[in-house]
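Before any comments, here is the structure.
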Amino acid sequence: MMVGLIHYLILAAILFCIGLFGVLTRRNAIGVLMGLELMFNAVNINLVAFSRYINMSNLPGGQIATLGQIFTIFIITIAAAEAVVGLALVICIYRNFRGINVDEVNLMKW
Amino acid sequence: MKQTILFYIFALLIIVSAILTVRMRNIFHAGLFLILTFVGVAGLYITLDAEFIAGVQVLIYVGAIAILILFAVMLTQGIYDKTQAATNKQQFGALVLSVILLVLLVLIIMATEWITGNQAAPSISELAIDLMRKFALPFEIVSVVLLAALLGAVVIARKEEK
């Protein structure tokens, strides 16, 4: 059986759910960020697979053949910005709490 | 045929190393498996004829983000403490939620009628021309976002002067 769009979409769904599981279960804040990166990658796989397989010639904006890949580039850029700010926050939390377990940081919890 | 074999190899690599990333006790080892996942995703992009995205994936994810994460792991000491639990108490609920979401997503993917057609993958020069013409404004805005994130990270992580 040839590999088609559905294979890539299901693989991305699996990767997204693994990332979600990591985000929900890790106590370490860096572990939570790792789960987030996995979820970003799942979304990017989806977009590149769409740009390869979906016939967009009848859709609005469909004449731009590079649309999916350009979206992926922007998402990678935003993911880099997110990782930088997130890790700066982790360093800041570590300095103030002597630990980075997210369940112990409850300063703003009502 | 070649694409099929490569797809299954990379899919196996991605899934196994992603599971190890979220399950490893030692957060440093989890970071190393995260790098392996990123490399697998880069290989997957090559099977989709997206060579430029694959290169960007290796440069930015493997070269920058993963190394940044490993640096953050090394800067925050005391996380090798074996007496502390690596996961919180909501493991069962999280597992159920993830599996339900996965089943729902697979059902939706199967039920949707995809208008597929083999599009020619865009070349790198087409990508560059579109990025500089049709997407020039988003391109500039995203560079401002990067600058803002850089400055914000410096301000947040700096030691407060007393």
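Summary of values
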{"quantity": "Count of segment B:28-47 residues which are among the aliphatic types (A, V, I, L, M) and surrounded by 24 or more Cβ atoms within 10 Å (Cβ to Cβ)", "calculated": "4"}
{"quantity": "Residue satisfying all of: in segment A:63-77; hydrophobic (A, V, I, L, M, F, W, C) and within 7 Å of chain B (Cβ to nearest Cβ); nearest to B:VAL144 (Cα to Cα) among these", "calculated": "A:PHE74"}
{"quantity": "Residue check for A:LEU33: within 26 Å of B:THR76 (Cβ to Cβ) and buried (at least 21 other Cβ atoms within 10 Å of the Cβ)", "calculated": "yes"}
{"quantity": "Odd one out for B:ARG25 among (1) without any contact (Cβ under 8 Å) to a residue 40 or more places away in the chain; (2) within 26 Å of A:ASN101 (Cα to Cα); (3) not polar (S, T, N, Q)", "calculated": "(1)"}
{"quantity": "Search result, residues across segment B:151-162 that are at pLDDT 90 or above and loosely packed, with under 15 Cβ neighbours inside 10 Å", "calculated": "B:LEU151, B:VAL154, B:VAL155"}
{"quantity": "Candidate set: segment A:7-28, residues that are buried (at least 23 other Cβ atoms within 10 Å of the Cβ) and over 26 Å from B:ILE109 (Cα atoms); chosen: the one farthest from the other protein chains (Cβ to nearest Cβ)", "calculated": "A:ARG26"}
{"quantity": "Residues of segment A:90-110 satisfying the condition of being buried (at least 17 other Cβ atoms within 10 Å of the Cβ) and within 7 Å of chain B (Cβ to nearest Cβ)", "calculated": "A:VAL90, A:ILE91, A:CYS92, A:TYR94, A:GLY99, A:ILE100"}
{"quantity": "Tally, over segment A:3-43, of residues that are farther than 23 Å from B:LEU6 by Cβ and among the hydroxyl-bearing types (Ser, Thr, Tyr)", "calculated": "1"}
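The values are calculated or read from the model by the stated rules, or taken from the named source; none is laboratory data. In this text the structure is predicted, and so the values were computed from the model without any measurement. Counting neighbours? That spans all protein chains shown, and the Cβs are built from the backbone with ideal geometry, glycine included.
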